[in-house]
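A.B. asks: Have a look at the structure that comes next, please.
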Amino acid sequence: MSLKRIITATITLLSLSLVTLSIMPPKAHAATVQSYLTTTPVSKDITIKPGQSGSVQLEVQNNASTAQIITVKLDKFSAAGDLGKASILPPDPTDPSASWVHFSQTSFLAQPGVWNTVTMTFNVPSYASFGYYYAVIFSPAIPQTISSGYGYHGGNIIFVLLDTNSNNEQKQISLTSFTSTSGLYQFLPAVFNV
């Protein structure tokens, strides 16, 4: 093969490579923030009767090589939309359940490799009913903490379910009519009109 053909083939391959690279979309880079925290437990269920108080211990460890200021924030956890997509949002101003929660500390200096305990205390009023879902967010005081309604980047979350086991709940049903399309069913499915 002549030197001229080798040079022509090399230039052709380089040109095709450059054209291919120029028409390819740029590589997508997700907006990520490195979290240097470990939290435990991942989730916690606690039962407190209305009119009583209770608490749960939450732990966070700084895995960075230097001390970090950690902040603690309370949000609400719920299902959103028709598909029940998980949603973490600030508490609604009309929802009093956020005011029942207090933390032993909301900001602290976490030394590297050291576990820090934060006590989450609930003062449940006598009128409370059903259950309440909270998201406790531990965030290092570093820039680029990003929050959205469906996710949280730059911090760790512990989900807490408060079950009030309340007597304020009423479970009743009133059946005014019950008929069937047939007097007797030998096999399923059966059709009833309620």
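Read the figures in this text as sums done on the coordinates, not as results from a lab. Fair warning: this is a prediction, and the values are worked out from it, not measured in the lab. FYI the Cβ positions are ideal-geometry reconstructions off the backbone, even for glycines, and counts take in every protein chain you see.
A.B. asks: Assuming R0 = 35 Å, what is the FRET efficiency of V114 and D82, from their Cβ-Cβ distance, to the nearest 0.05? Let's see the in-between values first.
C.D. replies: Details: r = 44 Å, r/R0 = 1.27.
So the FRET efficiency works out to roughly 0.20.
A.B. asks: State, to one decimal in nm, how far the label point of F103 lies from the label point of F130, with both points 7 Å from Cα in the Cβ direction.
C.D. replies: It is 2.6 nm.
A.B. asks: With labels modelled as points extended 7 Å from the Cα through the Cβ direction, what inter-label distance (nm, one decimal) is found for A67 paired with L161?
C.D. replies: So the two model labels end up 3.9 nm from each other.
A.B. asks: For region 51-63, just list the computed ³J(HN,Hα) in residue order, Karplus coefficients 6.51, -1.76 and 1.60, θ = phi - 60°, integers in Hz, with x standing in for Gly and Pro.
C.D. replies: Karplus values, whole Hz, x for Gly and Pro: x, 10, 10, x, 9, 9, 8, 10, 10, 9, 10, 8, 9.
A.B. asks: So, one more: Which aspartates and glutamates does K73 reach when only Cα atoms under 20 Å apart count, and residues fewer than 8 places away in its own chain are ignored?
C.D. replies: The reachable aspartates and glutamates, counting only those whose Cα sits under 20 Å from K73, are D45, E59, D92, D95.
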